[in-house]
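Let me begin by presenting the structure, written as structure tokens, before commenting on it.
None of the figures in this text is laboratory data; all of them are computed from the coordinates on show. These figures come from a predicted structure and were not determined experimentally. Cβ placement follows ideal geometry from the backbone for every residue including glycine, while neighbour counts extend to all protein chains displayed.
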Amino acid sequence: MNEAEHINTVSGSVHGQVLQARTVTAETIVLHAPEHRVPVPRQLPPPAHTWVDRADELEWLDRLLTTAGPTRVVVTGLGGVGKTGLAVRWLDGHHERHPDGVLHVDLNGWSGHPPPATAQVLAGWLRTLGVAADDLPGEVAELVALYRTVTSDKAVAMLVDNTRSAEQVQALVPATARGTILVTSRNRLAELAIAGFRHLDLDCFPAATGAALLTGLLDEDRQPIGEELLHALATRCHGHPLVLTIAGAHLAAYPRRDPARLITRLTHLAEASTGALDPHELSVEGVLQMSYEDLDATTARLYRGLAEHPGVEFTAEPLAAGLDVPVAEVGRGLGRLVEANLVTETGDERYRLHDVLREHVQTLAGQDDQAKRLAVRRRMIEWYLRRAAAADKIINPFPRRFSPVYTGLDTGVFAAKAALEWAETERANLLAAQQVAADQGWTELVYQFGEVLWNPLRPNYTAGELVSSQFLGANAAADAGHILEVVCRTRQASARPTSATTRPPSPSARLP
């Protein structure tokens, strides 16, 4: 063979280093894989667009940093008073104290949705801190122990939002003297004082601060509103930050309307209300009802339709499927709801409702025809089933399938990487969709979810999630006499080799 006949070929996917040589004479060659760097987590929700005051509370939190030991605080107050906003603003201002990251979880305390499982929260945080999914134990107690080990030498912060009970927090407290944990709740959670938590209660704004918030929400080119009127409106809203924010959005959206008429309208709504118990509730109810009445019919239907979504966060596509309208129309409607401060945009075309607003949506939806509500809800669930099935086919196209949903399925919506990313982003909604289907008795949807979620959830699944999905699927298939009972039970048994995950999660495995 002459020199010209030497050929070097590399095929397939190669990650890292490639050695090219004519002749290798060394007996041992050591190649080091590139170091896998985990990005420092910064999981806080977006900060409030307009901020006023709370200087005393921020200073009080600053003083805690000068004391020895970890910083542990429970921030309490009415729904919508700004607990999360305060926590986010303060933590954003102290990134240098938490170089190892800032973690966040919403426990859905007043959202109408179940809280995430303890194992789900811990496993998600541990993966974020660099622990490989394959190294996560199956037992909740072992996850807690690993979490405390991993955080023991880290300067990390945690924001635990919308907490109902002290018991929910105990497993999430990091074992580090350099750590910070802020908990928000409508309840005082006095039991956490034993664990060293300090208490900070947020009140509504005085009239002057409320007027300043309204001013910050208005466009500069809007006709100025006199201080007296702003103070009167702030007083009518009882200084409630969420109510003031929605009232400010109303003034910004209708710049030609007289603020005095707005105050009169809110007064009449409050006087006509029979359901609220105190002035703050009256102000919330009045502003929300006024904002709802100002929506066009299409957007009002979309707003009520949010009550039927199975999860906390949502996008336009499942809403469009449920309401049987074009996605573009829903996108425009969500934009109008964001402008009215009735919906919060959390990321790239992802949205959520504040807990107070979710309660309002549920009340409004309760007045709709219940059969039509169920039809909307089912179409949303079926959308998640079809999209999850498409992701499943892209992730692993080879196994034989048994669910009808795969027939005529359009898989063109995903590339392989995008399918995995979508499944991870929508994990909570997919699991919630299957649970809603089970609660409604939609048996054929439940067992199909058992099949379609197996591959999408496996790469980063947490203790109990995969098993719970297969358990629901197996039981539904058994009720229907479908072959997927065998498939789901086999998968359920193989999900984890430990006893804790070869049976459905116990109630203690979920945050109360």
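Karplus-derived 3J(HN,Hα) values for region 211-217, using 6.51 cos²θ - 1.76 cosθ + 1.60 with θ = phi - 60°, are 5, 5, 5, 4, 4, x, 8 Hz; glycine and proline are entered as x. Taking 7 Å steps out from each Cα toward its Cβ at I483 and E228 produces label points 8.1 nm apart. By its C-alpha gyration tensor, with a ≥ b ≥ c as the square roots of the eigenvalues, how is region 55-201 shaped: rounded for a/c under 1.5, else prolate for a/b larger than b/c, else oblate? Oblate, since a/c reaches 1.5 and b/c is not below a/b.
Assuming a ≥ b ≥ c are the square roots of the Cα gyration tensor eigenvalues, decide whether region 34-77 counts as rounded (a/c under 1.5), prolate (otherwise, with a/b larger than b/c) or oblate. Oblate shape, in that a/c is at least 1.5 and b/c is the bigger or equal ratio. Amide H to amide H, with H built 1.01 Å from N, M158 comes under 5 Å of L103, T180, I181, L182, counting only residues 5 or more places away or on other chains. Here Kirkwood radius over Cα pairs in Å was computed from the coordinates, and among [x] 25.6; [y] 24.3; [z] 23.3 the match is [x]. Summing Cβ point charges (Lys, Arg +1; Asp, Glu -1) relative to the Cα centre of region 297-365 gives a dipole of roughly 200 debye. Our analysis of region 382-505 gives Rg over Rh at 0.93, with the two radii drawn from alpha carbon positions and Rh computed by the Kirkwood formula. Suppose every Lys and Arg Cβ carries +1 and every Asp and Glu Cβ carries -1, with no other charges. What dipole size does region 55-201 come out with about its Cα centre, to the nearest 20 debye? The calculation lands at about 240 debye.
In region 335-459, a dipole from Cβ-located charges (positive for Lys and Arg, negative for Asp and Glu) runs towards its positive end, and of A428, Q362, Y351 it is A428 whose Cα lies farthest in that direction. When the square roots of the Cα gyration tensor eigenvalues are ordered a ≥ b ≥ c, the ratio a/c for region 159-271 is 1.5 or more and a/b exceeds b/c, which makes its shape prolate. Straight-line reach from K393: taking Cα to Cα under 19 Å and skipping same-chain neighbours fewer than 8 places apart, the lysines in range are K417.
The length gained by stretching the chain between V327 and T128 to full extension, at 0.36 nm per residue less their Cα-Cα distance, is 68.4 nm. Scoring 125-132, 191-198, 105-112 by mean Cβ neighbours within 10 Å over their residues and listing the highest first yields 105-112, 125-132, 191-198.
Centroid-to-centroid, using Cα positions, region 189-252 and region 108-123 are 29 Å apart. Rounded to the nearest 5, what is the percent of antiparallel bridges among the DSSP beta bridges in the chain? Counting DSSP beta bridges with both partners in the chain, the antiparallel share is about 25 percent. Rounded to the nearest 20, the Cβ-based charge dipole of the chain about its Cα centre (Lys and Arg +1, Asp and Glu -1) stands at 860 debye. Amide H contacts of H199: V74, each under 5 Å away and 5 or more positions distant or on a separate chain (H built 1.01 Å from N in the peptide plane; Pro and chain starts excluded).
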